[in-house]
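Following: one structure in structure tokens, then a few remarks.
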Amino acid sequence: MSDHVPEAQPALRLLRLTLSQFRNYEALTWRPASRIVAISGANGSGKTNLLEAISLLVPGRGLRGARIADLARHGAATWGVAGRFATPDGETDIGTGTPPDGAADRRVFRLDGAAPRSQAELGARVAAIWLTPQMDRLFQEGASGRRRFLDRLVFALEPGHARQVAAFEAAMAQRNRLLAEGRHDPAWLAALEDGLARHAVAATAARAALVARLNGALAAG
């Protein structure tokens, strides 16, 4: 029996954040001094804008879900956000923003200087979860909102979960459209039902695994 205890992998950490013409920031370079940071300031000083910038460096539409064209500083045509992160696999650089010669409503990503194949590739490197006061209805309304939040938690640990959920939703939409149009093609419907089952089982297994992991952490703590 070995007495060796494996070292814990280092947690994800933001090392540097750079903003250019983003919201109320003309230019900013911020290097967080510690793992836990408290941001304070007067209303309208840009605290939430800073958090939104970080949220845009992971897959999705960010903290506010804002339109891309609304993210640029007043009077600016383009904007950019870049972050350097320490990850268990080493440091990585992620950037996002509008292309210099592109449309104001188009957003691109860079992963270590190159265009990623998909947002899932970003999610495999960096993930973030946020819970804001505006999300209080998450605990008061139906289960669908809580399930979407659970999926975001799963995405942070299992980037492939996003593909399973998207594939399930696409197959469901196609199935419903087929039935609404009255096209009862048995072979087509059977193929869609098979896909729905496979993607649903994979998504449910990932959700159950995360819940078990959370319950285990609570019991141990």
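Brief remarks follow.
- The range 88-103: number of residues that are surrounded by 11 or more Cβ atoms within 10 Å (Cβ to Cβ) and either touching a residue at least 60 places away in the same chain (Cβ under 8 Å) or within 20 Å of the chain's Cα centre (by Cα) (or both): 8
- The residues in the range 118-162 that are assigned to a helix (DSSP H, G or I), among the aliphatic types (A, V, I, L, M) and open to solvent by less than 90 Å² (accessible area, probe 1.4 Å) can be counted, and the count is 10.
- Residues satisfying the stated conditions in the range 41-86, i.e. among the basic types (Lys, Arg) and more than 25 Å from Leu15 (Cβ to Cβ): Arg67
- Pairs are defined by a Cβ separation below 8 Å, a sequence spacing of at least 6 or placement on different chains, a first member in the range 112-138 that is in contact (Cβ under 8 Å) with a residue 40 or more places away in the chain and on the phi < 0 side of the Ramachandran plot, and a second member that is among the acidic types (Asp, Glu) and open to solvent by 60 Å² or more (accessible area, probe 1.4 Å); the pairs so defined are Arg125/Asp89.
- Failed item, numbered, when Ala173 is tested on (1) assigned to a helix (DSSP H, G or I); (2) at pLDDT 90 or above; (3) surrounded by 12 or more Cβ atoms within 10 Å (Cβ to Cβ): (3)
- Test set (1) over 26 Å from Leu63 (Cβ atoms); (2) loosely packed, with under 14 Cβ neighbours inside 10 Å - Arg106 fails condition number: (1)
The values are calculated or read from the model by the stated rules, or taken from the named source; none is laboratory data. Bear in mind that the values here come from a model prediction, so they are computed numbers and not experimental data. Cβ atoms come from the backbone with ideal geometry, glycine included; neighbour counts cover every protein chain shown. Ligands, DNA and RNA are stripped out before the accessible areas are found, and what is left, the full protein with its side chains, is counted by its heavy atoms. Shrake-Rupley method; radii C 1.70, N 1.55, O 1.52, S 1.80 Å.
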